[in-house]
């Protein structure tokens, strides 16, 4: 992620994540098939806000609600929103998945990109638990990022990435897909599909079934 630049003597708060340009179109294609045509989509850990701008612009029927627990990220999201003037993109919420209650009462879908491997495991649990409270039966929870499957990395690069994450913070790391599916099921989500993505990532789609403990 790169910092904002200077414009007319003032710092531009917009941050830039190079990976966004590489993955936003493949993710968008899954979202087109998965999200409802209308309603509020809550994005957890929106980061720079570049995904939020792109998805809101291309999914004009929904209202895109970005959020982040990090103040500089929220400033970046707000700056991108102001610069791009996308009508269906809301101001970012200060939302930490582990801090309850969340500052939103309901949503029609929840999307989370590249969070669960750079946060402690309890954040994944809190994310799923919070999404279960917000979503009605049939609503999607969409997660994007790297995963291990069957106890193994999906590529050598993911093994190296996992090692580098754990060196930065022992509580971080590439998650095992089976563990995420298990936690989702315990909160009433069925695993609908797993879609291969660029750079050995996956988009994982869950649906709220209305039944916990499945």
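Since every read-out is calculated from the coordinates, none of them should be taken as a lab result. Everything numeric here is computed off the predicted structure, so don't read it as measured data. Neighbour counts run over all protein chains shown; Cβ positions are idealised from the backbone, glycine included.
Out of the range 8-47, which residues are at positive phi, surrounded by 14 or more Cβ atoms within 10 Å (Cβ to Cβ) and out of contact with any helix residue (DSSP H, G or I) (no Cβ under 6 Å at 6 or more places or on another chain)?
39, 45
For a quick check of your reading: which strands (runs of 3 or more DSSP E) sit entirely within the range 100-185 and have at least 2 residues that are touching a strand residue (DSSP E or B) at 6+ places or on another chain (Cβ under 7 Å) and within 24 Å of residue 64 (Cβ to Cβ)?
Those strands (runs of 3 or more DSSP E) span 109-113, 140-145.
Tell me whether the range 162-180 contains one or more residues that are under 15 Å from residue 131 (Cα atoms) and crowded, with 18+ Cβ neighbours inside 10 Å. Steps first, please.
From the range 162-180, those under 15 Å from residue 131 (Cα atoms) are 180; that's our starting set.
Then drop every residue that is not crowded, with 18+ Cβ neighbours inside 10 Å, which leaves 180.
Scanning the range 162-180 turns up at least one residue that is under 15 Å from residue 131 (Cα atoms) and crowded, with 18+ Cβ neighbours inside 10 Å.
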